[in-house]
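All remarks here apply to the structure that follows.
The values are calculated or read from the model by the stated rules, or taken from the named source; none is laboratory data. As the structure is a prediction and not an experimental result, all values here were calculated from the model. A quick note on method: Cβ atoms are made from the backbone with ideal geometry, for glycine too, and the neighbour counts reach across all protein chains shown. Surface accessibility is based on the protein's heavy atoms, side chains included, excluding ligands, DNA and RNA. Shrake-Rupley method; radii C 1.70, N 1.55, O 1.52, S 1.80 Å.
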Amino acid sequence: MESLVTIHPEYLSLNQDQIHALMPYIVVFLGTVTAILVSVLRGINLKWLVFLITLATCAAGAMSSFQLLNSSPLVLFNGMMVADGFSNFFNLIFLSSAALTALVSLRYLDHEKLQYPEYYILILFSALGMMLMSSSLDLIVLFVSLELMSLAVYALVGFRRADRRSNEAAMKYFILGSAASAVFLYGVALLYGSTGCTQIRDIFDFVTKHSDALHPVFFLGSVLVLCGFFFKIAAAPFHMWMPDVYEGAPVPVTGFMTSGLKAAAFAAFLRIFVEMGYGKGLGHQLEANIHHIIWVCAVLTMTVGNFVALTQTNLKRMLAFSSIAHSGYLLMGFISGSQSEFGFLSIVFYIVIYAIMNIGAFVVLTILASRDDSDLNLHDFSGLSKRHPWIAFALAVFLLSMAGIPLTAGFVSKYLLFYSAIQANEIALVVIGVLCSAVSVYYYLRVLVYMYMYDAAGSPRALRVSVWAAAALAVMLILTLQVGVFPSWMIDFARKAVTSL
């Protein structure tokens, strides 16, 4: 029986350049395996050993990725994945998110009596899945990478095993995530059935040669794949899982999801988007259909996320709906795409800034959370500026950045995103985006009003801030302010990643 996939022998052996290009993945994999082997040892303090292995793995992987940022793109494994500046740029985001999550989790796990080595191992597995997602050129490889990331996060969401909310969140996420994965995989099967291939570049070649004879099955497969991505980025109407999951998950895990998980989904989405030639005359009917779907989805996502966030009093749920709204802003960048000089650059830049300010906000929530993540309602922040002025100042900066206030990194990222949409002549979408962004100012400033203008109710609770959490908070705060004033170096950094696409 003839093989469905042609495998060339020269792709099965790796030369020195290919091994060098794969080094970030090899380092993270070996570090994860080492952490697993160490975790079964007895008679030693596993807390510090596995924690330090996790940090060392993230640092070594990030260093390897940084060294490869300017390297030429290298296609690997018979065209199934690529190592380029784009994937290495996002590797830095994923590994930084994993390292920061581990840093702020150390004392949190002690406080919750959940100090198990499996926590750090799951973070490493999830980061490895994210890294593979951003470099996948084959839809099957992308699906496997997606499941590697998702399965680890399912377990992390339910890590507070004695908490009913955490169990409920994990079960909801698992069931809905499995359904979304099935939809995505069915879409991949339809694309394979209509084109005879699963590699993105081969599908693009097929479509360019047969654009007038595309079967309806291809369009259905494309829509199903889009729906799978919309679920992972929590775009409306596939967003309903996010508030419950964010509220039930441990606070550091929520921060990891809102930065690394969303960045991985958008990175994979962007690579497929570009590799499939959207905006380059791919086929008028196909491009028009994709444009209309994303346009409507962007409007729904921005509107639902911002207006429902107005009614939230729990900060984790408020930031969940805020995250949904930010997904809508990011979809604007996909619509402008190649029609603007800042199209894809604005997406990558926005993802980086979004990760920075969200990790910072969730570091603050991790510091302030009581047992079982209580004391995170709006009234619990009353008088925070008098009790803990620096923590209140840091949270205020992150919230103002999310709102897009000038002199913060969030303002620069939103400016680039809206400007690219204007260049693409999407004026109506920009108007809706600006109005939704104005709505978001209310619920962000409401938190500041409670922190600075209300008096604390009851006796203040003593806080013990670990050195690790303080260091993570300081780094995020400095980056948010520094990029807001001097954004050029970060923009150039993001431009190099986009250029490699």
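Every condition in (1) of a type outside the set (G, A, S); (2) crowded, with 23+ Cβ neighbours inside 10 Å; (3) modelled with pLDDT of 90 or more is met by H239 except one, and the failing one is (3). The residue that is farthest from A152 (Cα to Cα), among those in the range 173-191 that are of a type in the set (F, W, Y) and in contact (Cβ under 8 Å) with a residue 40 or more places away in the chain, is F184. In the range 295-317, the residue that is nearest to Y444 (Cα to Cα) out of those that are in contact with a helix residue (DSSP H, G or I) (Cβ under 6 Å, 6 or more places away or on another chain) and outside any helix (DSSP H, G or I) is L310. Kindly list, by first and then second residue, each pair from a residue in the range 62-89 that is more than 21 Å from I491 (Cβ to Cβ) to a residue that is of a type in the set (F, W, Y) and outside any strand (DSSP E or B), limited to pairs with Cβ atoms under 8 Å and residues at least 6 apart or on different chains. Going by the 8 Å Cβ cut-off, the qualifying pairs are L76/Y11; F77/Y11; N78/Y11; G79/Y11. Of the helices (runs of 4 or more DSSP H) lying entirely inside the range 159-243, those containing at least 2 residues that are of a type in the set (D, E, K, R) are 164-195, 200-209. Of all the listed residues (E247, E287), the sole one being assigned to a helix (DSSP H, G or I), open to solvent by 20 Å² or more (accessible area, probe 1.4 Å), in contact with a Lys or Arg (Cβ under 6 Å, 6 or more places away or on another chain) and modelled with pLDDT under 90 is E247. For Y452, the conditions (1) hydroxyl-bearing (S, T, Y); (2) open to solvent by 90 Å² or more (accessible area, probe 1.4 Å); (3) modelled with pLDDT under 85 all hold with the exception of (3). So, of the residues in the range 386-419 that are out of contact with any helix residue (DSSP H, G or I) (no Cβ under 7 Å at 6 or more places or on another chain) and not in a helix (DSSP H, G or I), which turns out to be most open to solvent (accessible area, probe 1.4 Å)? Ranking the candidates gives P406 first.
Going residue by residue through the range 132-142, is there one that turns out to be part of a loop (DSSP other than H, G, I, E, B) and either at pLDDT 95 or above or touching a Ser or Thr at 6+ places or on another chain (Cβ under 8 Å) (or both)? Spell out how you get there, then give the answer.
Of the range 132-142, the ones part of a loop (DSSP other than H, G, I, E, B) are 135, 137.
Still in the list and also either at pLDDT 95 or above or touching a Ser or Thr at 6+ places or on another chain (Cβ under 8 Å) (or both): 135.
The answer is yes; a qualifying residue exists.
In this structure, does L30 turn out to be open to solvent by 90 Å² or more (accessible area, probe 1.4 Å), within 29 Å of the chain's Cα centre (by Cα) and at pLDDT 90 or above? When the stated conditions are applied, L30 passes them.
Rundown of residues vs (1) crowded, with 22+ Cβ neighbours inside 10 Å; (2) closer than 17 Å to L416 by Cβ; (3) in contact with a strand residue (DSSP E or B) (Cβ under 9 Å, 6 or more places away or on another chain), yes/no style:
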site: L330; (1), (2), (3): yes, yes, no
site: G333; (1), (2), (3): yes, yes, no
site: Q339; (1), (2), (3): no, yes, no
site: F344; (1), (2), (3): yes, yes, no
site: I351; (1), (2), (3): yes, yes, no
site: Y354; (1), (2), (3): yes, yes, no
site: M357; (1), (2), (3): yes, yes, no
site: F362; (1), (2), (3): yes, no, no
